[in-house]
Amino acid sequence: MSTGTTWGLVVETTVGIGQRKHVEAHVVAHVTGSREEALAELERRARNHVPEHPANPGRRRLLRENDGFLLVVDGAWQSFATRFTVAELLEDSDAPRAPAPSAGAPAAPPGEPAARQAELDADGVPVRPAWLGRDDLP
């Protein structure tokens, strides 16, 4: 895989209790980079995860799998599992669309090269918003 790949960090966790106990899945973050970088972030999240159930946790086991981790927490009567998976993002219907270049509009804000990589903070958020300096916005 290339280092510019975007990975989804997926958490599947047990919610509810008794007859209403079921699994829900959420993409909690995206990581752009290598698979190893995405797995390292996923492991950090798995180690720090505090599941909603059980209310009085007993034994806690974190296991490594090929594509992520499995957290099993024993309660008084039942065990609850949370699966952490890293998966390559192939398509996202809500991904922002790149604006079509308009005639005469600069491709990048003045003074910045168009190919410049966005500077990101520790959480992966751009330090300088993409819209800053654009003259084609209201």
**Q.** Environment charge at A25 (Cβ cut-off 14 Å; Lys +1, Arg +1, Asp -1, Glu -1)
**A.** -2
(Q) Rounded to the nearest percent, how much of the accessible area of region 1-79 (1.4 Å probe, protein heavy atoms only) is carbon and sulfur? (A) 50 percent
Q: Write down the accessible area per residue of region 1-98 in Å², having rolled a 1.4 Å probe over the full set of protein chains.
A: 69 Å²
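The values are calculated or read from the model by the stated rules, or taken from the named source; none is laboratory data. These figures come from a predicted structure and were not determined experimentally. Note that we place each Cβ from the backbone using ideal geometry, even for glycine, and neighbour counts take in every protein chain shown. Just so you know, the surface numbers come from the protein's heavy atoms only, side chains and all, with ligands and any DNA or RNA stripped out. Shrake-Rupley method; radii C 1.70, N 1.55, O 1.52, S 1.80 Å.
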